[in-house]
Amino acid sequence: MGVLPIFNGKWMVVARTCSEEQTEALGRAVGERLFPGAVLLLEGALGAGKSVFARGVARALGISGPVRSPTFTILNVLEGRWPFYHFDLYRLDDETALLELGMEEYLDGEGVCAVEWADKFSALSTVPSLSIRIVRVDEHCREIMLAAEGLEYKNVCAALLPKGELTGASAGD
Amino acid sequence: MSTMLILGLETSCDETAAAVVADGREILSNVVASQATVHQKYGGVVPEIASRRHLETINAVIDQALAEAGIGFADLAAFAVTYGPGLVGALLIGVSTAKTLAYAAGKPLLAVNHVDAHVAANYLEHEVTFPAVCLVASGGHTSLLYLRRRGEAELLGATRDDAAGEAFDKIARILQLGYPGGPAVEREAVRGNPEAYLFPRAKALQDGNFDFSFSGLKSSVINTVHNLRQHGEPLSTADVAASFQAAVVDILVEKTALAADKTAAQTVLLSGGVAANTLLRRRLAEVLSAADRLLLCPRPELCTDNAAMVACAGYDLYRQKVFAGLDLNASPGLDIFQQ
């Protein structure tokens, strides 16, 4: 699993995983560096591995039980080191639904939010967060782009790199 | 002997339902206002629309349930309501309504677990011989329960990721078959060859416990469809639908039969929306009859979400004197064992 830095106005790293286990491990590596109030915005097609990544985050938070799909309930709350708010916006089509769900309270809360299908709602793109875009390369491999929106998320990205550094100069711009 | 009438309310997902059931057995009315047509155009349930619709329709649905039963509020002994699991906004409408009615009438409030209610749907139609095992499979649930006797359920296993009905919905979307996915995939599968593709069952079936997993199967179907499309090869949606359905049914049947064996259950009950699947009912009946076990399943309108099953499960709580306080809250992530 390789991780490369990129800088194009945002702090980003790109990782390539070649199994479900590797995608979960990347989620775990990210989860280990999160903090109360952290927000992860996940995007990717059906079957890309959003839930697998989210499961890795949950494991890092010390959640050992099943991490069930929130598709039906829209939000599953799991108790870990901090609360884990696992959203799935797959079935939502209206931005007012986010308000009615009281989503901003969770985003500003003391837990970690992982939001699947976050790209359906442009309102979420202004939230300080780590966006995670998962693209299917082939049956097993995924290209996973992590983009930091805010300094604390830049550090999460940097920690994934071998030297633990993420600077503009090393990004080859 | 006087009959005991319970009003049941159900608003956990996209049906607004009210029903009057006498003595936990006889359905006097069973009214369901479905939002399926509203959701059809969005390809799924729209929760924010769902809770608003519940609010708009619940009073009319209750009035109709009482009118059809030919009774008034004063005739009711208790109020039963689904308080979880489900969509929080949707659940709150039913819970708030039931609390208000119970308080106004000075009668007990009964907090029903939605999965328990699906089990209880069987008691509306069948005399069940215990011990029994029940498979509840729907868009939001896939659970196997052991029933020592009526009203005493123990969770044997549940899905670790996606629910069976959710897998049907997502595969229907990949194949562009429409919503709801269960009936759409089943219709398409009729013309297909269930052995055209061998989708994996092993991962879902290994390790001998009673948990389910459908995400691996979902990924495998998606990969197959992607690969065929990428290489410009002909894609028979009927074959994919049939092969996928066969895999889901194999997993459900095998785990359920194993649970019946291990617990020496006399009877196996089936409930939830996926119970409407013809192949599942046929295969399960075949496997169980070979082992001299009886398969029972409620009629289709009692398999999908309804309030008669809630009133029926509420009756068991009433007999056990398990009453809820007026501080009852919706519990969207409720598990069957967290009662």
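The values are calculated or read from the model by the stated rules, or taken from the named source; none is laboratory data. Predicted model only: the values in this text are computed from it and were never measured. Note that we place each Cβ from the backbone using ideal geometry, even for glycine, and neighbour counts take in every protein chain shown. These accessible areas exclude ligands, DNA and RNA; they are computed on the full protein's heavy atoms, side chains included. Shrake-Rupley method; radii C 1.70, N 1.55, O 1.52, S 1.80 Å.
Annotation: of all residues in the stretch A:121-145 being over 11 Å from the mean Cα position of the chain (by Cα), more than 12 Å from chain B (Cβ to nearest Cβ) and not hydrophobic (A, V, I, L, M, F, W, C), the one that is nearest to A:Ala29 (Cα to Cα) is A:Glu143.
Matching residues to (1) open to solvent by 30 Å² or more (accessible area, probe 1.4 Å); (2) at pLDDT below 95; (3) in a loop (DSSP other than H, G, I, E, B):
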position	(1), (2), (3)
A:Glu105	yes, yes, no
A:Gly109	no, yes, yes
A:Val115	no, no, no
A:Ser125	yes, yes, no
A:Asp138	yes, yes, yes
A:Ile144	no, no, no
A:Leu161	no, yes, yes
A:Leu166	no, yes, yes
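Within the stretch B:291-314, does at least one residue satisfy the condition of being within 24 Å of B:Tyr179 (Cβ to Cβ), of a type in the set (Asp, Glu) and part of a loop (DSSP other than H, G, I, E, B)? For the stretch B:291-314, residues within 24 Å of B:Tyr179 (Cβ to Cβ), of a type in the set (Asp, Glu) and part of a loop (DSSP other than H, G, I, E, B): present.
Yes/no matrix, rows are residues, columns are (1) open to solvent by less than 40 Å² (accessible area, probe 1.4 Å); (2) acidic (Asp, Glu); (3) assigned to a loop (DSSP other than H, G, I, E, B):
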residue: B:Val253; (1), (2), (3): yes, no, no
residue: B:Lys262; (1), (2), (3): no, no, no
residue: B:Glu286; (1), (2), (3): no, yes, no
residue: B:Leu326; (1), (2), (3): no, no, yes
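Scanning the stretch B:174-200 for residues that are surrounded by fewer than 17 Cβ atoms within 10 Å (Cβ to Cβ) and not hydrophobic (A, V, I, L, M, F, W, C) turns up B:Gln176, B:Gly178, B:Pro183, B:Arg187, B:Arg191, B:Asn193, B:Glu195, B:Pro200. Residues that are β-branched (Val, Ile, Thr) and within 13 Å of another protein chain (Cβ to nearest Cβ) do not occur anywhere in the stretch B:231-251. Restricted to the stretch B:20-123, the set of helices (runs of 4 or more DSSP H) holding at least 1 residues that are at pLDDT 95 or above, in contact with a strand residue (DSSP E or B) (Cβ under 7 Å, 6 or more places away or on another chain) and away from chain A (no Cβ under 14 Å) comprises B:47-69, B:88-105, B:114-120. Do we have any residue at all in the stretch B:131-138 that's buried (at least 24 other Cβ atoms within 10 Å of the Cβ) and at pLDDT below 95? Yes, the conditions are met somewhere in the stretch B:131-138. Within the span defined as the stretch B:296-314, every residue fails to be on the phi > 0 side of the Ramachandran plot and open to solvent by 10 Å² or more (accessible area, probe 1.4 Å). When the stretch A:46-85 is filtered for residues that are more than 8 Å from chain B (Cβ to nearest Cβ) and among the small types (Gly, Ala, Ser), the ones remaining, listed by number, are A:Ala48, A:Gly49, A:Ala54, A:Gly56, A:Ala58, A:Ala60, A:Gly62, A:Ser64, A:Gly65, A:Gly80. Candidates in the stretch A:59-98 are the residues that are outside any strand (DSSP E or B) and polar (S, T, N, Q); of these, the one that is surrounded by the fewest Cβ atoms within 10 Å (Cβ to Cβ) is A:Ser64. A:Asp119 satisfies every condition listed in (1) in contact (Cβ under 8 Å) with a residue 24 or more places away in the chain; (2) within 26 Å of B:Leu334 (Cβ to Cβ); (3) in contact with a strand residue (DSSP E or B) (Cβ under 6 Å, 6 or more places away or on another chain); (4) not polar (S, T, N, Q) except (2).
Residue count for the stretch A:6-45 under the criterion of being more than 14 Å from chain B (Cβ to nearest Cβ) and acidic (Asp, Glu): the result is 2.
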